[in-house]
Amino acid sequence: MSSFYVTTPIYYVNDYPHIGHMFTTIVADVVARYHRLAGDDTYFLTGTDEHGQNIERTAREKGIPPLEQANLVAGRCEELWREIGISHDDFIRTTEPRHHAGVRAIIRRIEAAGDFYSGQHEGWYCPRCETFYTEKELGPDQQCLVHEAPTEWKSEENLFFRLSKYQQPLLDLYRDNPRFVRPETRLNEVRSFVEGGLKDLSVSRSNLSWGIPFPGHPGQTVYVWLDALTNYISALGFGRKDTVLYERYWDTTDGVRLHLIGKDILRFHAVYWPAFLLSAGLPLPHTVWTHGWWLKDQKKVSKSVGNVVRPDDLMERFGSDSLRYFLMREMVFGQYASFSDEAFVDKYNADLANDLGNTVSRVVTLSRRAFDGQTPPVACADNPLIEAAAKAVADYRAAMDELAFHTALAGLWKLLSEANQYFVEREPWKLIKSEGATEKLSRILWNGLEATRIVTVGLLPFMPEVAPRVLAALGVARPPHGFEALEWGGTPTSALLPEPQPLFPRIDKQDYLEDAMDDKTQQAQKTDEPTAKEKGPGQIDIDRFFETELRVATVIEAEAVPKSNKLLRIQVALGDEKRQVVAGIAQQYAPEDLVGKQVVVVANLKPAKLMGLESQGMILAASEDGKPVLLHPGQPVANGVRVR
Ligand code: MSP
């Protein structure tokens, strides 16, 4: 059994993880689970990148030590990874002594190769990327293109790595191993960057205290990327006594080493990292597989752009597996994809509630009815679905090996639709009535169950929580191990079929989107602050409270918003001013009862659009079991007076 090692980037700890970080981690998890299913000796690493100026700065701004900041975010990552079913074998933190040992060890080897020297380093520096850029790599006004933020001119005495020496070896590497970078377009990008000439790389910083001291060079701290990249081997024991894992998953000729990354960090992984390893005389990864970005409103989802998506709400309502499915189905791996609540709900309803949920429920209900609560007694080894399934499985495996997840899933769905077609043509629901529980009916229903079972086995890496439940619903009590489970014939005959439970309840799209919009109005003023849940109980000072302008207003008109069950369009008098507020209270309040009532309004809230209508404020309500109860002054007061 050969070994398979898969890694995610280690994530910065200056902020909580968002959908972009979740995505790479889910991809790695799907890949790891798929290889475990294949029987490979699999090891899956993720973790956090905790050193550097950014983290130091964030912690300073919060008035806490950097390690406390790191603990907060690393803790949240581990918690979130648990919530979304990530099955990593290890979580490395770069502040751990085991990682420091690995970094010191690689530095010793690079030093022994004579690849470090001291020199003056100056250039345009992006503190967020922690990288120096040349003039031509920057946008107008020396802006960093990744962060669309200003860079700083910096000059200091540093240690340099002889990157230029590795130009030819790297070009040879790309030529001899065209799969070193995937997809191919990214390899071409990297190759032309290297062909353009490599400058030596500054690998220490003199003004940074939050990092690993550079061995043998007091006052110098290891450059964060040399520090961070080494996690892939330090986690396995490189630089320590116990190197069993390192030998099993990295220093082996009989194994595959795969780094999954977003395109933002391609150069570090496909140029610097192999150069460091070549210099240190260590084995290289086989493949650096690069994916595109999740976009929202046409921009990369990122903290600095301020459009992060933290899909806690989606997960709470639809389960984390539905989110995993959506992310893997929607992005053509390697390209860009756009995230929207609407697309999510559509996909959920169409693929999961409709196609998968209904197919399972139909075939199980029919079998139970015909065969006394059991799977059919007679299996079938000769029917058109066998060939369809064999083709679907072959396509699925080929796609999974190429990380073409959307193709793999589309192939499984094709088999589902073929199984449905097979049913439609044979009409087993009529046969039950006309002929009863015959052998013919048994074969038809068993075929339907079997095709659905194969689809579900293919889903195991994608939906680790739900797929076993679907299998159980199909009469397969224990989730299988090994690819044999993808072969035709696995559904047991005359096995107990539990009463079907709703697996993917349909979502009313309009209701959901309205709720989501309500939440958005409430958050319209929030930027990227951690949620109250993330922060834990806290206190704010009085000045912060007074930033919110609460005023009394009188309702002068109210009407239902067309096509909405929840929203009312309300005109209020706020002092001399008239304002329109859209509020989600239609289920509790009739418009006519509101006119003349006084309410409390958040008067300085950024306007937001709800169902196409501008809402210029928010009416305060107590939320009892999620139902709004409006707050009124105890006695009439002048419109516009402040509430404090
Ligand atoms: N700490 C470095 C990585 C060091 S690896 C030795 C870093 N961290 S990060 O927190 O910024 O995470 C970057 C990674 O998060 C990207 O490479 C990508 O995997 C993921 N994503 C962050 N935003 C993303 C999107 N909007 N879309 C998809 N993934 C992106 O860089």
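The values are calculated or read from the model by the stated rules, or taken from the named source; none is laboratory data. Everything numeric in this text was worked out from a predicted model, so none of it was measured. Here the Cβ is made from the backbone with ideal geometry for all residues, glycine too, and neighbour counts use every protein chain on show.
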- Inside the stretch 490-515, the number of residues satisfying the requirement of being of a type in the set (Phe, Trp, Tyr) and assigned to a loop (DSSP other than H, G, I, E, B) is 1
- Looking at ARG76, is it within 14 Å of the ligand (Cβ to nearest atom) and surrounded by fewer than 21 Cβ atoms within 10 Å (Cβ to Cβ)? yes
- Query: Does LEU145 meet the test of being of a type in the set (A, V, I, L, M) and in contact (Cβ under 8 Å) with a residue 40 or more places away in the chain?
  - Reply: no
- Message: What are the pairs with Cβ atoms under 6 angstrom where one residue, in the stretch 289-309, is more than 26 Å from VAL31 (Cβ to Cβ) and the other, located anywhere, is aromatic (Phe, Trp, Tyr) and within 7 Å of the ligand (Cβ to nearest atom)? Sequence gap at least six, or different chains.
- Response: none
- If a residue has to be exposed (fewer than 15 other Cβ atoms within 10 Å of the Cβ), touching a Ser or Thr at 6+ places or on another chain (Cβ under 9 Å) and within 23 Å of LEU352 (Cα to Cα) to count, how many in the stretch 376-414 make the cut? 0
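Rundown of residues vs (1) charged (D, E, K, R); (2) under 13 Å from LEU574 (Cβ atoms); (3) surrounded by 12 or more Cβ atoms within 10 Å (Cβ to Cβ); (4) touching a strand residue (DSSP E or B) at 6+ places or on another chain (Cβ under 8 Å), yes/no style:
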{"site": "LEU605", "(1), (2), (3), (4)": "no, yes, yes, yes"}
{"site": "ALA608", "(1), (2), (3), (4)": "no, no, yes, yes"}
{"site": "GLY612", "(1), (2), (3), (4)": "no, no, no, no"}
{"site": "SER615", "(1), (2), (3), (4)": "no, no, yes, yes"}
{"site": "GLU624", "(1), (2), (3), (4)": "yes, no, no, no"}
{"site": "PRO628", "(1), (2), (3), (4)": "no, no, yes, yes"}
{"site": "VAL637", "(1), (2), (3), (4)": "no, yes, yes, yes"}
{"site": "VAL641", "(1), (2), (3), (4)": "no, yes, yes, yes"}
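Matching residues to (1) touching a Pro at 6+ places or on another chain (Cβ under 8 Å); (2) surrounded by fewer than 13 Cβ atoms within 10 Å (Cβ to Cβ):
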site: ILE107; (1), (2): yes, no
site: ALA113; (1), (2): no, no
site: GLN120; (1), (2): no, yes
site: PRO127; (1), (2): no, no
site: LEU138; (1), (2): no, no
site: CYS144; (1), (2): yes, no
site: TYR174; (1), (2): no, no
- Message: So if I check each of ALA394, ALA419, which one is small (Gly, Ala, Ser), free of Cβ contacts under 8 Å to residues at least 60 places away in the same chain and in a helix (DSSP H, G or I)?
- Response: ALA394
- Query: Using beta carbons and a limit of 6 Å, which pairs, at least six apart or on different chains, have the first residue in the stretch 5-34 and polar (S, T, N, Q) and the second one outside any helix (DSSP H, G or I) and within 9 Å of the ligand (Cβ to nearest atom)?
  - Reply: THR7/HIS259; THR8/LEU260; THR24/THR8; THR24/LEU260; THR25/THR8
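Quick check on this structure: which one of LEU356, LEU327, LEU278 is among the aliphatic types (A, V, I, L, M), touching a helix residue (DSSP H, G or I) at 6+ places or on another chain (Cβ under 6 Å) and either outside any helix (DSSP H, G or I) or away from the ligand (no atom under 12 Å from the Cβ) (or both)?
Only one candidate qualifies: LEU278.
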- So, in the stretch 254-265, of the ones that are within 16 Å of the ligand (Cβ to nearest atom) and not in a helix (DSSP H, G or I), which residue ends up farthest from PRO283 (Cα to Cα)? GLY262
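Do you know which of the residues in the stretch 60-71 that are hydrophobic (A, V, I, L, M, F, W, C) and touching a residue at least 24 places away in the same chain (Cβ under 8 Å) is nearest to the ligand (Cβ to nearest atom)?
We begin by selecting, within the stretch 60-71, every residue hydrophobic (A, V, I, L, M, F, W, C); these are 64, 67, 70.
Pick out the ones that are also touching a residue at least 24 places away in the same chain (Cβ under 8 Å) and you get 67, 70.
Details: LEU67: 17, ALA70: 12 Å.
The residue in question is ALA70.
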- Which residue out of GLU61, GLU56, GLU68 is charged (D, E, K, R), on the phi < 0 side of the Ramachandran plot and at pLDDT 95 or above? GLU68
- Message: Conditions first: (1) closer than 27 Å to TRP81 by Cβ; (2) free of Cβ contacts under 8 Å to residues at least 40 places away in the same chain; (3) assigned to a loop (DSSP other than H, G, I, E, B). ALA477 passes all but one, so which condition is the exception?
- Response: (1)
- Query: Is it the case that SER302 is more than 15 Å from the ligand (Cβ to nearest atom) and crowded, with 18+ Cβ neighbours inside 10 Å?
  - Reply: no
- Message: If the requirement is being surrounded by fewer than 18 Cβ atoms within 10 Å (Cβ to Cβ), more than 13 Å from the ligand (Cβ to nearest atom) and not in a helix (DSSP H, G or I), which of these qualifies: ASP251, ASP313?
- Response: ASP251
- Task: Quick one: count up the residues across the stretch 281-298 that are near the ligand (Cβ under 8 Å from one of its atoms) and in a loop (DSSP other than H, G, I, E, B).
- Result: 2
- Could you tell me whether the stretch 398-413 includes any residue that is outside any loop (DSSP other than H, G, I, E, B), among the β-branched types (Val, Ile, Thr) and in contact (Cβ under 8 Å) with a residue 40 or more places away in the chain? no
- Query: If you go through the stretch 30-54 one residue at a time, how many are of a type outside the set (Val, Ile, Thr), within 13 Å of the ligand (Cβ to nearest atom) and under 16 Å from the mean Cα position of the chain (by Cα)?
  - Reply: 2
- Note on the structure: Note on the stretch 1-26: residues buried (at least 24 other Cβ atoms within 10 Å of the Cβ), within 9 Å of the ligand (Cβ to nearest atom) and among the aliphatic types (A, V, I, L, M) are ILE10, VAL13, MET22
